[in-house]
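The values are calculated or read from the model by the stated rules, or taken from the named source; none is laboratory data. Please read these numbers as outputs of a predicted model, since none were measured by experiment. Counting neighbours? That spans all protein chains shown, and the Cβs are built from the backbone with ideal geometry, glycine included. When the accessible area is computed, the model is the full protein with side chains, heavy atoms only, and any ligands, DNA or RNA have been set aside. Shrake-Rupley method; radii C 1.70, N 1.55, O 1.52, S 1.80 Å.
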Amino acid sequence: MLCNFLKPIKIKDKTFYEKEFSDSSRLLMTGIDFNFRKYNLKNTNKFLKFYEISEKKIAKTYQKHTKNVVVNPHPGEYYNVDGFVTSSTPIMIVTADCIPILLKGKKRAGLVHAGWRGVQKRIYFEAINKMNEDKKDIKAYLLPSISKPSFQVGEDFMDEFKGKYGFRNFATKDKVEGKYLYDLKSFVKFELINFGIKPENIFIEDIDTYCDTHFHSYRREGKDYGLNAIFYIV
């Protein structure tokens, strides 16, 4: 369902976007005030401490659009990794139009970076399998990312997903330009449901990073684009 589950909060005069859970864990996403292309691991931990987000050291991705998911990471930076599954270590990914997905189970949580390549590789299936929890108990939160009205793609993009069941159902052809507008978030929801996640447990944040200038966007900002950071704090 489309909704606004993230709430803007002020911490030391800066805006963050947060969801708190009943087990005291927190999901936070940064906006335009920060650019995490400039934050190495040491500075990220200083950032977390300064903004009183976490005293714990964090596990951070160095992403390459893979389906690699690390389970129970130690604090540190993980190269060629696009997601984590954790029960105790705070975790972090970065995005700039790609879909950040939090998968929240009873004992573990997964946080993954799902650009179109990650969707093609079904990184969310990888994380769900590694969570080792009953799928009916897992809740999926699709965070701010580019939405269908802003995501124009060509036939070459559509060809990348040949053989993926139902993929073309989420495209609208622009007869004038000969391009497509593609609803990647709805396709991910479709896949999650087919994989066993309950429809009522899938939540899609109604924010388009391309249109909403509170967030960084690769398509809007161009080659000097910034990165949003997404934190899951246990």
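Table for the structure above
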item: Options LYS38, LYS12: the member that is of a type in the set (D, E, K, R), at pLDDT 95 or above and open to solvent by 10 Å² or more (accessible area, probe 1.4 Å); result: LYS12
item: Search result, residues across segment 194-214 that are open to solvent by 50 Å² or more (accessible area, probe 1.4 Å) and either assigned to a loop (DSSP other than H, G, I, E, B) or under 30 Å from GLY31 (Cβ atoms) (or both); result: LYS198, PRO199, GLU200, ASP206, TYR210, CYS211, THR213, HIS214
item: Selection status of LYS223, modelled with pLDDT under 95 and part of a strand (DSSP E or B); result: no
item: Selection status of THR44, open to solvent by less than 30 Å² (accessible area, probe 1.4 Å) and touching an Asp or Glu at 6+ places or on another chain (Cβ under 7 Å); result: no
item: Residue in segment 174-186 that is modelled with pLDDT of 95 or more, within 24 Å of THR30 (Cβ to Cβ) and surrounded by 18 or more Cβ atoms within 10 Å (Cβ to Cβ) present; result: yes
item: 3 or more residues touching a Gly at 6+ places or on another chain (Cβ under 9 Å): qualifying strands (runs of 3 or more DSSP E) within segment 1-59; result: 14-20
item: Qualifying residue in segment 15-25 (condition: among the hydrophobic types (A, V, I, L, M, F, W, C) and open to solvent by 20 Å² or more (accessible area, probe 1.4 Å)); result: yes
item: Test result for LEU6, open to solvent by less than 40 Å² (accessible area, probe 1.4 Å), farther than 20 Å from LEU103 by Cβ and touching a Phe, Trp or Tyr at 6+ places or on another chain (Cβ under 8 Å); result: no
item: Number of the exception - LYS162 against (1) modelled with pLDDT under 95; (2) out of contact with any strand residue (DSSP E or B) (no Cβ under 7 Å at 6 or more places or on another chain); (3) not in a loop (DSSP other than H, G, I, E, B); result: (3)
